[in-house]
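Chemist: This is the structure I have questions about; it appears just below.
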Amino acid sequence: MDLRDFYLLAALIACLRLDSAIAQELIYTIREELPENVPIGNIPKDLNISHINAATGTSASLVYRLVSKAGDAPLVKVSSNTGEIFTTSNRIDREKLCAGASYAEENECFFELEVVILPNDFFRLIKIKIIVKDTNDNAPMFPSPVINISIPENTLINSRFPIPSATDPDTGFNGVQHYELLNGQSVFGLDIVETPEGEKWPQLIVQQNLDREQKDTYVMKIKVEDGGTPQKSSTAILQVTVSDVNDNRPVFKESQVEVHIPENAPVGTSVIQLHATDADIGSNAEIRYIFGAQVAPATKRFFALNNTTGLITVQRSLDREETAIHKVTVLASDGSSTPARATVTINVTDVNDNPPNIDLRYIISPINGTVYLSEKDPINTKIALITVSDKDTDVNGKVICFIEREVPFHLKAVYDNQYLLETSSLLDYEGTKEFSFKIVASDSGKPSLNQTALVRVKLEDENDNPPIFSQPVIELSVSENNRRGLYLTTISATDEDSGKNADIVYQLGPNASFFDLDRKTGVLTASRVFDREEQERFIFTVTARDNGTPPLQSQAAVIVTVLDENDNSPKFTHNHFQFFVSENLPKYSTVGVITVTDADAGENKAVTLSILNDNENFVLDPYSGVIKSNVSFDREQQSSYTFDVKAVDGGQPPRSSTAKVTINIMDVNDNSPVVIYPPSNTSFKLVPLSAIPGSVVAEVFAVDIDTGMNAELKYTIVSGNNKGLFRIDPVTGNITLEEKPTPNDVGLHRLVVNISDLGYPKSLHTLVLVFLYVNDTAGNASYIYDLIRRTMETPLDRNIGDSSQPYQNEDYLTIMIAIVAGAMVVIVVIFVTVLVRCRHASRFKAAQRSKQGAEWMSPNQENKQNKKKKRKKRKSPKSSLLNFVTIEESKPDDAVHEPINGTISLPAELEEQSIGRFDWGTAPPTTFKPNSPDLAKHYKSASPQSAFHLKPDTPVSVKKHHVIQELPLDNTFVGDHFSASECSSQGGFKTKGPLHTRQVNEHFYWSISTAYKCPINQY
């Protein structure tokens, strides 16, 4: 007996000697498709395992470990502490687990696993068999959704035709149980034939005579059901075609045939020759052989069927271990719809063509295929569980297992085909540091086939020295805006151990996301670009850890300081600064502050400011950012100033940025309302006696070139409406009739209208005179004009009808007669006068237009010049309650007009109220009412204008704000409300009192000379 035979005999004896103390077996039964964490069993409870050490009497902590192959997805898991077995998230599918095998209801589908119990003192190997019971999770299915059957038309009643059977991956009662024909139309029925193997074959029964000429096609549904709970089913369309007669079908000599063929049969080997006969002759006797619909596609790949001869041959290499039995259904058809059926069972016999398989599953996890043991590990330390198997059967599948050479390890049999690899003696690191040996598995076939598995074991030294850093604190600096991967330093540590215990790996601690550290070399690099403005200093730890078991480690602190670079431009707090100042702000006042920041440090953040494009209107402090005015503001001249400011830092090279600055001038109430309508202080409106209450009889319209509330106007009647006959709208200025006029109201009414703005803190005012003539007609305009002229003798705070009624004709009839008689004379005089003046008309009109344009169309320049002149202020006596206006009328050539002298007393509350001229050049277009005429466009002076002569106590400008606004005596407008006229007037009008202007109040006399040469027009 040689040495090899001796080893084989020893291994065989060891395999037969099972240690029942350490090898036990459990069997559990579960259903497939269970959810995760479903308990299956409890190992210590089911095996009655005690946690008490019999030798010492002390309690031990047992560890239960599932032995699994690397990369496998375990179907169950074992609690390491309690030994309980649970399902995992991996789905247990019985049909997938036992695919390729034919399992009847009584056959079991199962899988096996091994669990070891540690430590070595309590070591046991538990082999667990888990039987998976079927659940009804698959519905039976027909081989095709549409089943076509051809039936001859001469088929007898109760004839039967096979229908392809349905298949169900489930087993037992969960498999196919029942067929049902739907919509059989009373022509067809269904019968079920059960085979000896338990298969149910549906057959179609003809219940009525068929006539293809009447109906050649029948479409029905066939339903198949399983017996599971819940029950599952499916349907297929059954289409029956009625064909012409072929009254003899083929017949097989044997309908059930069983053959055997070795799995190593070469391609082309004949399996069986099928033979069928047909009693017909001619074409009806020509038989064609085909596989039935129930033949699996995998079977068709292994075997070929000659359609003419019926010979079945091998067309692909067979493998008994893959499929041991093939069932083939062959149909013999002569062209009719009822082929003959034969079932061939092909048994593939085994040959020794598979070497044994060694399944090596480590209990001690290997590293790169090598098991590492410590030299202090005890004898019988478990290293791996070895399972040997052979796909062959009988003698070919009998396997023995052994170690090839002498090593301090041995195999311990725990089951017929399983072994434990253990240490057989104490290990010595100094003697041998590494072992490499083979485990051999050999079967008993002729010839014998072998398989080997290589095992590598390395011994480890003890680890008792931690790594030591050369510096406990490492400080370094780096400039910001670095490149990624910049080398910073090399960190190193030493370890006094040897081998892998001295192999050091380096690892960054927390707060080190900006750095990369080579685990082996200790090279520290920058993984990101540093920005000092975000973080100026990084403090983190570096750990040096050896590869010992357990590993030892130490730490060092690293401090990285980021140095600044000029990489940030100055940043304004706003891209556009908006400041608001009052227009009366003194020169050199502070109007705003520009704020700018720079995220850099040192000289790189020192910022200097400057103005780019301001024309020296403002002064900017380059360091504090304070903006001061270099001009006096007047919102009516310029409402805002816009310029750019630039910020430059002190870096090298310097960086800069710009921002926009807007100084908005806020309005101050420094402009009085300016009257636009009525066009003159001597025009009038006719109010007929037929006018109804509520109708508009006149309107007053003024504008204020200020803005906001300073330009909001309010209209009030302050005098001349003691009867309450009229009412003025405070917003629109429309004068309406409050009640219907009576004959007692006939005559001239003078309304003093006060126009005030809503300015803050002081409101400015303007007065205007509105004359309303109440009468049915206004035929004698000269008479009305004479009444208006005579009203100037009445103070403004008194009604013109209060002093002896000089303006209303007491004897109205007498006046009307005189008017009619005088009208004839006037017509003659006018006719003569017109003839005399026709020659001079053109020159006179041109002179008046030039004068009016100078006085009314462009008053703004003089006003601005007058504002700059210094005036001498004079206070009016506090005891003076009334202002007096002296009216002087120059003597015209006509003797009828005589000078009228008188005084007009103003009420005390109207002191310092004024009317100013409207500046057509500066008034914003939005000041006018939407329904007002464009006075700047349409105003034309076609009539001679009044000559205004100012007589101040001290030299003053001609254009000022006055108590009563200077309005032309007559105007011509383009529109329907006014008619052209040619009038000239000369007269005098004086008043003395304080007048309100924009800046100062002054005392002066002023007069208006007027001479009338034609009747005035109504406005």
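Chemist: Those residues that are surrounded by 17 or more Cβ atoms within 10 Å (Cβ to Cβ) and in a strand (DSSP E or B), I need them from the range 390-412; list them, please.
Modeler: Across the range 390-412, the qualifying residues are Val399, Ile400, Cys401, Phe402, Ile403, Phe409, Leu411, Lys412.
Chemist: Of (1) under 17 Å from Glu263 (Cβ atoms); (2) in contact (Cβ under 8 Å) with a residue 60 or more places away in the chain, Arg301 satisfies all except one. Which?
Modeler: Failed condition: (2).
Chemist: Here's another thing I want to ask about it. Right, Lys215: at negative phi, open to solvent by 20 Å² or more (accessible area, probe 1.4 Å) and either hydroxyl-bearing (Ser, Thr, Tyr) or not in a loop (DSSP other than H, G, I, E, B) (or both) or not?
Modeler: On the way: at negative phi: yes; open to solvent by 20 Å² or more (accessible area, probe 1.4 Å): yes; either hydroxyl-bearing (Ser, Thr, Tyr) or not in a loop (DSSP other than H, G, I, E, B) (or both): no.
It is false that Lys215 is at negative phi, open to solvent by 20 Å² or more (accessible area, probe 1.4 Å) and either hydroxyl-bearing (Ser, Thr, Tyr) or not in a loop (DSSP other than H, G, I, E, B) (or both).
Chemist: Taking the range 227-247, which residues are at pLDDT below 85 and out of contact with any helix residue (DSSP H, G or I) (no Cβ under 7 Å at 6 or more places or on another chain)? Walk me through it before giving the result.
Modeler: Keep residues of the range 227-247 that are at pLDDT below 85, which gives 243-247.
Result: Ser243, Asp244, Val245, Asp247.
Chemist: Val731 - would you say it is open to solvent by 20 Å² or more (accessible area, probe 1.4 Å), more than 51 Å from the chain's Cα centre (by Cα) and under 29 Å from Asn799 (Cβ atoms)?
Modeler: no
Chemist: Ile717 versus (1) closer than 20 Å to Asp797 by Cβ; (2) among the β-branched types (Val, Ile, Thr); (3) surrounded by 21 or more Cβ atoms within 10 Å (Cβ to Cβ): which is the lone unmet condition?
Modeler: Looking at each condition in turn, Ile717 falls short on (3).
Chemist: If only one of Ile281, Ile272 is within 18 Å of His326 (Cα to Cα) and either modelled with pLDDT under 85 or among the aliphatic types (A, V, I, L, M) (or both), which one is it? Walk me through it before giving the result.
Modeler: On the way: Ile281 fails: within 18 Å of His326 (Cα to Cα).
Residue meeting the stated conditions: Ile272.
A quick yes/no check of all residues on (1) at pLDDT 85 or above; (2) in a strand (DSSP E or B); (3) touching a Gly at 6+ places or on another chain (Cβ under 9 Å); (4) not assigned by the TED database to the domain that holds Glu422:
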residue: Ile13; (1), (2), (3), (4): no, no, no, yes
residue: Tyr28; (1), (2), (3), (4): yes, yes, yes, yes
residue: Pro35; (1), (2), (3), (4): yes, no, no, yes
residue: Pro44; (1), (2), (3), (4): yes, no, yes, yes
residue: Arg65; (1), (2), (3), (4): yes, yes, no, yes
residue: Asp72; (1), (2), (3), (4): no, no, no, yes
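Chemist: Tell me the residue from Leu748, Leu713 that is within 22 Å of Asp776 (Cα to Cα) and among the hydrophobic types (A, V, I, L, M, F, W, C), please.
Modeler: Values: Leu713 fails: within 22 Å of Asp776 (Cα to Cα).
The unique qualifying residue is Leu748.
Chemist: So, one more: Among the numbered criteria (1) more than 21 Å from Val674 (Cα to Cα); (2) surrounded by 16 or more Cβ atoms within 10 Å (Cβ to Cβ); (3) modelled with pLDDT under 90; (4) not aromatic (Phe, Trp, Tyr), which one does Thr736 miss?
Modeler: (3)
Chemist: Need pairs with beta-carbon distance below 9 Å; first residue farther than 30 Å from Thr135 by Cα and part of a loop (DSSP other than H, G, I, E, B) and within the range 173-188, second open to solvent by less than 30 Å² (accessible area, probe 1.4 Å) and modelled with pLDDT under 90; sequence gap 6+ or separate chains.
Modeler: Val187/Leu210
Chemist: Out of all the residues in the range 219-232, which are touching a residue at least 60 places away in the same chain (Cβ under 8 Å) and either aromatic (Phe, Trp, Tyr) or exposed (fewer than 15 other Cβ atoms within 10 Å of the Cβ) (or both)?
Modeler: Residues satisfying the conditions are Thr229, Pro230, Gln231.
Chemist: Identify all residues within the range 775-792 that are within 19 Å of Ala691 (Cβ to Cβ) and in a helix (DSSP H, G or I); write none if there are none. Full working, then the answer.
Modeler: Let us first name the residues in the range 775-792 that are within 19 Å of Ala691 (Cβ to Cβ), namely 775-779, 784.
Within the range 775-792, just Ile784 meets the criteria.
Chemist: Counting only residues that are buried (at least 18 other Cβ atoms within 10 Å of the Cβ) and part of a loop (DSSP other than H, G, I, E, B), which one in the range 295-315 is nearest to the chain's Cα centre (by Cα)?
Modeler: Val295
Chemist: Scan the range 218-248 residue by residue and report those that are assigned to a strand (DSSP E or B) and within 24 Å of Asn174 (Cβ to Cβ). Talk me through it step by step, then tell me what you get.
Modeler: Step one: filter the range 218-248 for residues assigned to a strand (DSSP E or B), giving 218-226, 233-243.
If the condition is that a residue be assigned to a strand (DSSP E or B) and within 24 Å of Asn174 (Cβ to Cβ), then Lys221, Ile222, Lys223, Val224, Glu225, Asp226, Ser233, Ser234, Thr235, Ala236 are the ones that fit.
Chemist: Can you tell which of Lys685, Lys723 is open to solvent by 50 Å² or more (accessible area, probe 1.4 Å) and outside any loop (DSSP other than H, G, I, E, B)?
Modeler: Values: Lys723 fails: outside any loop (DSSP other than H, G, I, E, B).
Exactly one residue qualifies, and that residue is Lys685.
Chemist: If you don't mind, there's one more thing I want to ask. Would you mind finding the one in Val645, Val668 that is open to solvent by 30 Å² or more (accessible area, probe 1.4 Å) and out of contact with any helix residue (DSSP H, G or I) (no Cβ under 7 Å at 6 or more places or on another chain)? Explain how you work it out, then say what you get.
Modeler: Numbers: Val645 fails: open to solvent by 30 Å² or more (accessible area, probe 1.4 Å).
Every option except Val668 fails the conditions.
Chemist: Filter the range 475-511 for residues that are in contact with an Asp or Glu (Cβ under 8 Å, 6 or more places away or on another chain) and charged (D, E, K, R); which is farthest from Lys433 (Cα to Cα)?
Modeler: Glu480
Chemist: Here is a further query. Return yes when Thr490 is under 54 Å from the mean Cα position of the chain (by Cα) and either open to solvent by 70 Å² or more (accessible area, probe 1.4 Å) or of a type in the set (Val, Ile, Thr) (or both) and no when it is not. Even if it seems obvious, please write down each step before you answer.
Modeler: Working: under 54 Å from the mean Cα position of the chain (by Cα): yes; either open to solvent by 70 Å² or more (accessible area, probe 1.4 Å) or of a type in the set (Val, Ile, Thr) (or both): yes.
Yes; evaluated as a whole, the condition is true for this residue.
Chemist: Name the single residue, out of those in the range 517-534 being more than 30 Å from Asp461 (Cβ to Cβ) and open to solvent by 80 Å² or more (accessible area, probe 1.4 Å), that is modelled with the lowest pLDDT.
Modeler: Glu534
Chemist: So which residues in the range 413-455 are out of contact with any Pro (no Cβ under 8 Å at 6 or more places or on another chain), closer than 22 Å to Pro355 by Cβ and either of a type in the set (Lys, Arg) or assigned to a loop (DSSP other than H, G, I, E, B) (or both)?
Modeler: Within the range 413-455, Asp416, Asn417, Lys438, Ser444, Gly445, Lys446, Pro447, Ser448 qualify.
The values are calculated or read from the model by the stated rules, or taken from the named source; none is laboratory data. Keep in mind the model is a prediction, meaning the values are calculated, not measured. Glycine also receives a Cβ, built like all others from the backbone with ideal geometry; neighbour counts cover every protein chain displayed. Only protein heavy atoms, including side chains, enter the accessible area calculation; ligands, DNA and RNA are left aside. Shrake-Rupley method; radii C 1.70, N 1.55, O 1.52, S 1.80 Å.
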